[in-house]
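Structure, as structure tokens:
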Amino acid sequence: MHKKKHNRPWAIFIAIVLAMIFGSWAGNQATLFGITFYAIVDVLGTIFLNALTLVVVPLVSSSIITGISRIGNEGGFGRLGGKMFTFYIGTSVLAILIGLLFVNLIHPGSSHLTSLSEETTQSPPFKDQITHPGGEAFVQVLISIIPSNILAAFSRGEMLGLIFFSFLFGYAISKIEKHPASVLQGFFQGIFQAMIQVTHIIMKFLPYGVFSLVAKVFMTTGIRSLGALALFSLTVLLGLLVFMCIGLPLLLKFIARVKPIRHFKAMAPALVTAFSTSSSSATLPVTIDCVEKRAGVSNRICSLVVPLGTSINMSGSALYECVAAIFVAQAYGIDLSFWTQFLIVLMALITSIGVAGIPSASLVAIIIILKMVGLPSEGIGLFVAVDRLLDMCRTTVNVFSDSCCAILVARSEGEENVLATNQFE
Ligand code: ASP
């Protein structure tokens, strides 16, 4: 495993706490020389986010092409794919069931019964985007897997199309003559390694980026907004916490047979990036770096499991969708039968696959679920005020869950290097 100087975790932790305090204190009106602090952190945060996002397309494509062109020679696609999807689905189902348990135990919607009529008058921000409810939305995801123009897919950063093409291209490299194949492999390996270096440079600015992004959220959505929806927020946070700190570590300990604490430490930079950006796609370069260079998973497994997981394995979002849909039903005083709850669980699993790794993407999926089970889509107006803060938390869980799937697959493939040293202890 590569030993490298890693980010000072305390600097980042302090940045988050300071950003929360500063953001809540400054609000979006306080100024410095006539310029609002909000405008300053907005510009800095956007620059940091752009810097992270610019790495995604070249890093993901070169990572997959390099990884697949190697497995192509060895075979075993089916076995790897089977394990990968088993862990994706397994972790998401576990997350949803934990959410289902807490939402039924705490019943957060009951306290909203009385104020329902005024609150639902807020219109959901994403309502106009729901042109393809339910099944059609799923079909759109399927269609986007195969882009008709690869350059367009690359330039728009369409992840599923990009992954599919890189997969195909990597496989094709493994089937061509030795000389051109090794030239291409070397070329893409070079791009991959260079992009990892670029990621390291960007990560030097992590504390400042994290500060700007978190402060911006707290300037507009203060922590007080959680208070109005305390029970709902508590249900979501408890569910996410139990899944991340008990559910996944148990899988790591008993199935992967690694020390969960080491994995938390290895993934720390990716987790804080996810928390501050609310975007698992923007976090992807840092996730790949942590899984490969800090947790010691091979490029062969990481290049496949992490980018694909970032696109389709959204355990935290799936949990949130389930809790939110049942919360709306409870607030409307609708008693959900076992089968309706089962349908919500199933829909949360399916729609989470289509959720993009960008902020607030789950809201669209929740509207689809509400429509499917016959609840008014306006229901999301009930909790939209706390969505951003909860988004930060569920994105962190999404990223952690993907990284755990990579560890689980790598260990099941017999990789001994995974979290083998105690460099973080
Ligand atoms: N923000 C989440 C992510 O990027 C998606 C969501 O649940 O809204 O992973």
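The values are calculated or read from the model by the stated rules, or taken from the named source; none is laboratory data. In this text, all values refer to a predicted model and were calculated from it rather than measured experimentally. Here the Cβ is made from the backbone with ideal geometry for all residues, glycine too, and neighbour counts use every protein chain on show.
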Seminar exercise, completed: Within the stretch 251-260, residues being free of Cβ contacts under 8 Å to residues at least 40 places away in the same chain and touching a Pro at 6+ places or on another chain (Cβ under 8 Å) number 2
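So that you can scan it fast, the table gives a plain yes or no per residue for (1) crowded, with 24+ Cβ neighbours inside 10 Å; (2) of a type outside the set (A, V, I, L, M, F, W, C); (3) away from the ligand (no atom under 11 Å from the Cβ); (4) within 13 Å of Ser92 (Cβ to Cβ):
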| residue | (1), (2), (3), (4) |
| --- | --- |
| Leu284 | yes, no, no, no |
| Ile288 | yes, no, yes, no |
| Ile301 | yes, no, yes, no |
| Val306 | yes, no, yes, no |
| Thr310 | yes, yes, no, no |
| Gly316 | yes, yes, no, yes |
| Glu321 | yes, yes, no, yes |
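For Val328, state whether it is touching a Phe, Trp or Tyr at 6+ places or on another chain (Cβ under 9 Å) and away from the ligand (no atom under 12 Å from the Cβ).
Yes, satisfied.
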Problem set entry | Exclusive hit being more than 18 Å from Val236 (Cα to Cα), more than 16 Å from the ligand (Cβ to nearest atom), free of Cβ contacts under 8 Å to residues at least 40 places away in the same chain and not aromatic (Phe, Trp, Tyr), set Gly296, Gly333, Gly374 | Gly374
Exercise. Which of the residues spanning the stretch 41-56 are buried (at least 17 other Cβ atoms within 10 Å of the Cβ) and aliphatic (A, V, I, L, M)?
Worked result: Val41, Leu44, Leu49, Ala51, Leu52, Val55, Val56
Exercise. Looking at the stretch 412-422, is at least one residue part of a helix (DSSP H, G or I) and either out of contact with any strand residue (DSSP E or B) (no Cβ under 9 Å at 6 or more places or on another chain) or of a type outside the set (Lys, Arg) (or both)?
Worked result: yes
Exercise. Across the stretch 311-332, what is the number of residues that are outside any helix (DSSP H, G or I) and under 14 Å from Val345 (Cβ atoms)?
Worked result: 0
Exercise. Restricting the stretch 336-356 to residues that are at pLDDT below 90 and within 13 Å of the ligand (Cβ to nearest atom), which is farthest from the chain's Cα centre (by Cα)?
Worked result: Thr351
Problem set entry | Pairs where the first residue, in the stretch 397-411, is among the aromatic types (Phe, Trp, Tyr) and the second is within 16 Å of the ligand (Cβ to nearest atom) and in a helix (DSSP H, G or I), C-beta under 6 Å, 6+ apart | Phe400/Met244
Exercise. Where in the stretch 192-267 are the helices (runs of 4 or more DSSP H), entirely inside, with at least 3 residues that are within 19 Å of Ser279 (Cα to Cα)?
Worked result: 206-220, 230-242
Exercise. Ser278: modelled with pLDDT under 95, farther than 24 Å from Ser166 by Cα and small (Gly, Ala, Ser), yes or no?
Worked result: yes
For this session: Test Gly81 against the stated conditions and say whether it is closer than 22 Å to Leu349 by Cβ and modelled with pLDDT of 95 or more.
Result: no
Exercise. Looking only at the stretch 357-370, which residues are within 6 Å of the ligand (Cβ to nearest atom) and on the phi < 0 side of the Ramachandran plot?
Worked result: Gly357, Ile358, Pro359, Ala361, Ser362
For this session: Could you check, for the stretch 113-135, whether at least one of its residues is buried (at least 18 other Cβ atoms within 10 Å of the Cβ), within 20 Å of the chain's Cα centre (by Cα), modelled with pLDDT under 90 and of a type in the set (A, V, I, L, M, F, W, C)?
Result: yes
Exercise. Does any residue of the stretch 102-111 turn out to be modelled with pLDDT of 90 or more and in a loop (DSSP other than H, G, I, E, B)?
Worked result: yes
For this session: Determine the pairs where a residue that is at positive phi, located within the stretch 144-169, has a partner that is part of a helix (DSSP H, G or I) with Cβ atoms under 7 Å apart, the partner being 6 or more residues away or on another chain.
Result: Gly157/Val56; Gly157/Val57
For this session: Could you look through the stretch 251-277, keep only residues that are closer than 16 Å to Ala15 by Cα and not hydrophobic (A, V, I, L, M, F, W, C), and pick out the one that is nearest to the ligand (Cβ to nearest atom)?
Result: Thr277
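Restricting to the stretch 369-398, name every residue that is touching a Gly at 6+ places or on another chain (Cβ under 6 Å) and either farther than 23 Å from Met267 by Cα or of a type in the set (Ser, Thr, Tyr) (or both).
Leu370, Met372
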